[in-house]
């Protein structure tokens, strides 16, 4: 099997418009959750979120492109531009024929749906733009990235709710590791911060009105965010031959289904996935130094995840560092795992552990080292990134310092 490395990373998310600014915000423990600036926000019970503030689509795309690109596609294209640029790759010939794109998203073009439902049902319009379907479809971001860089290999979109990005990146990892593709562009994007997107989530009664405080006894729910992160996964030999800078190595991946409940997480399902990712990577459990938690800030998720980590690692769980960056940028749903992978890269490359901010009071059911409130400097050789989705769909990635 091939070794798989990451040679490019890009992002636009509530913490920053690129990777360096995102790392800086994570180091500072900066909170990007605040009042929402969306239409009809006064009709919402939940009026906070992790928005990409000050975003001007006209600064990045022309009128024809804006007519084709939903906000989630725009985010994906901007992040891909950074990631591919950093990788130094030029796609042509056989490389273009074999390289592909796998993205994760849950809502897809939800902003486009919301705008056009308003146009038809609220304002009474009888026609919509002819490109509405290609603009709102979930595979739009992956397709436009493949078109923009002429990537003619395997390209598709994964939609598994909050695990979408991890599933997408896991599939990209498998393709490079198996030799099917020498390079895969992968990650996730989401833009669900519109009236319809927030109103639907309000119905679940899992949203906080005042902030995201994972693992804290005072936590009272999740907060939504938006944005994208994109990575270049590359065959190590291919990267080495061209002298590419390597950010870290992807060494394992596992995915399972709880097959038990559509919304409640399973301790056993989470534990099986974490354990399988460690085994797929060929690791001793004691080698893992940092876990980027799913850590949504809901009572059920947080205690279930902590119990699962304790089950897998035993006594070593007390030596692990585990944090949730959702406390800073919110829950990007289908795009969240991609942005969270940045925290793993920062831990491996820079030895800086992003904190769980908003931590107020210990919860005996979450009695692990959750790196509360302040970033920590510590050497890390191996990191895991957890994602546990509605529907009982679990996906965990393992990475190693290069």
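Quick look at the numbers
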item	result
Pairwise label distance in nanometres, residue 218 with residue 62, each label 7 Å out on the Cα-Cβ vector	5.2
The stretch 128-180, Rg to Rh (Cα coordinates; Rh as Kirkwood inverse mean 1/r)	1.05
Relative pair counts by distance (%), Cα atoms of the stretch 119-234, 5 Å bins	2, 9, 14, 17, 15, 13, 12, 10, 6, 2, 0
Relative contact order (percent, whole number), the stretch 4-241, Cα cutoff 8 Å, 6+ residue spacing	32
The chain, relative contact order in percent, only Cα pairs under 8 angstrom and at least six apart counted	24
Convex hull of the chain built on C-alpha atoms - directionally averaged projected area, nm²	18.2
Mean separation of Cα contacts under 8 Å, 6 or more apart, over the residue count of the stretch 250-396: relative contact order %	35
Helical contribution to [θ] at 222 nm, DSSP H n ≥ 4, -39,500 (n - 2.57), averaged over the chain, rounded to 500	-10000 deg cm²/dmol
Whole-number D in µm² s⁻¹ for the stretch 317-402, Kirkwood Cα-pair radius fed into Stokes-Einstein, 25 °C, 0.890 mPa s	180
Two-decimal log10 I(q)/I(0) for the stretch 252-400, as the Debye equation yields it once each C-alpha is a single scatterer, q = 0.11, 0.16, 0.18, 0.20 Å⁻¹	-0.35, -0.78, -1.02, -1.30
The stretch 65-142-the stretch 262-311 distance, computed between alpha-carbon centres (Å)	32
Distance between modelled label sites at residue 402 and residue 1, nm, 7 Å Cα→Cβ extension	1.8
The stretch 4-241: radius of gyration over Cα atoms, expressed as a fraction of 2.2 N^0.38 Å	1.05
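Readers should treat all values here as calculations from the given coordinates under stated rules, not as data from a laboratory. These figures come from a predicted structure and were not determined experimentally. Note: ideal-geometry Cβ built from the backbone for every residue, glycine included; neighbour counts use all protein chains shown.
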